[in-house]
1. What do you get for Rg/Rh of the stretch 148-231 when both radii come from the Cα atoms and Rh is the Kirkwood radius?
2. Rounded to the nearest percent, how much of the accessible area of the stretch 21-240 (1.4 Å probe, protein heavy atoms only) is carbon and sulfur?
3. Counting only heavy atoms of protein chains, what accessible area per residue, in Å², does the chain have with a probe of 1.4 Å?
4. Given the Cα atoms of the chain, and with Rh set as the inverse mean 1/r over their pairs in the Kirkwood sense, what is Rg to Rh to two decimals?
5. What aspartates and glutamates could a cross-link reach from LYS280, if we take a straight Cα to Cα line under 15 Å and drop same-chain neighbours fewer than 8 places away?
6. To one decimal place, what orientation-averaged projected area in nm² is obtained for the convex hull of the Cα set of the stretch 230-285?
7. Specify the residue with the greatest mean-square fluctuation among ALA71, ALA83, ALA146, computed from a Gaussian network of the chain linking alpha-carbon atoms under 10 Å apart.
8. Among GLN208, GLN33, GLN256, which one moves the most in a GNM of the chain with springs linking Cα atoms closer than 10 Å?
Amino acid sequence: MLSSFKNHMVKELKELTLHSRMANKVLILYAHQSSGSFNAAAKNAAVEVLTAQGCTVEVSDLYAMKFKATATVEDITGEVKNAEHFSYAEESKLAWEEGKLSADITEEQRKLSEADLIIFQFPMYWFTVPAIMKGWFDRVLTQGFAYSDEKRYSLGIFKEKRAILSFTTGSHESMFSANGINGDMNVTLWPLQNGILHYCGFQVLAPQIFWAPARVPAETRSAMLEAWRTRLQGLLGEEPLSFTPVDCFDREKGFQLKPEVHEKQATKEFGLTVGTHLGKPLPPNNQMKAGV
């Protein structure tokens, strides 16, 4: 019992130390064209609250920066290895290793490397991020810098960093439910939160979703922003979402779930995650709430 208590206290101390360290630098990736938008207000609230907590906050305003959204050969300075059969993944990895990536990519990689918490602030376009933010993912998260075959998911390069999606929708919350016409928001979020953020190792915090701010009264929008400000006060100490660790999968068998893990889940009502659901009902709010 004493040993268990000591182990628990050591774990708590490590987490507190990590959260303390993580209070230092925040990067906000902001993608909206208008400084008068609700997204701008949400971004400004994050800057204000986190700065007041002693954080150093840096903002990449992608539209103001005219950030290039397309991944092309122009992202590499000098000659490429194979111009005839150009592979962006291979060439950008080599360019990163040799310091030949374009200046805008190098600068964003610097910001990301220095940040402890990354906030992605955007309006949801066509059930995903705007093209300019997708371009940031495509160009900045290069192989080698952000991931490798050995370092991904729970073993990922950014496993000491936290990330959160903060976004507005055009539709009401009811439309993004399991019975809604848009489908379950947990399913919509899986490619972004698992396929990009968790893939690179980030500890993914529950998303901050502003449901259809353009379709609600001004007082409701104000309440949304106030709730965001309140959440920001304790954001650095939040528990991240749950994902299945890499060691639960068998590399030699095409990264299939190990039999012992599968057997352990046999009597469970729900699948492991939205993606690894084992043919069972999806775990409720798996991509929207921590600890479920």
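1. Details: Rg = 15.5 Å, Rh = 14.3 Å.
Looking at the stretch 148-231, the ratio lands at 1.08.
2. Details: 5330 of 9980 Å².
After summing per-atom areas, the C and S share lands at 53 percent.
3. Numbers: 15150 Å² over 292 residues.
Ligands and nucleic acids excluded, the figure is 52 Å² per residue.
4. Values: Rg = 20.2 Å, Rh = 20.7 Å.
Looking at the chain, the ratio lands at 0.98.
5. Output for LYS280: GLU263, GLU269.
6. Numbers: hull surface 21.3 nm².
That works out to 5.3 nm², a quarter of the Cα hull's surface.
7. ALA83
8. Its mean-square fluctuation being the largest, the pick is GLN256.
The values are calculated or read from the model by the stated rules, or taken from the named source; none is laboratory data. Just so it is clear, the structure is predicted and the values come from calculations on it, not from any experiment. Please note: Cβ atoms are built from the backbone with ideal geometry, for glycine as well, and neighbour counts cover all protein chains shown. To get the accessible areas, we keep the full protein, side chains included, count just its heavy atoms, and leave off ligands, DNA and RNA. Shrake-Rupley method; radii C 1.70, N 1.55, O 1.52, S 1.80 Å.
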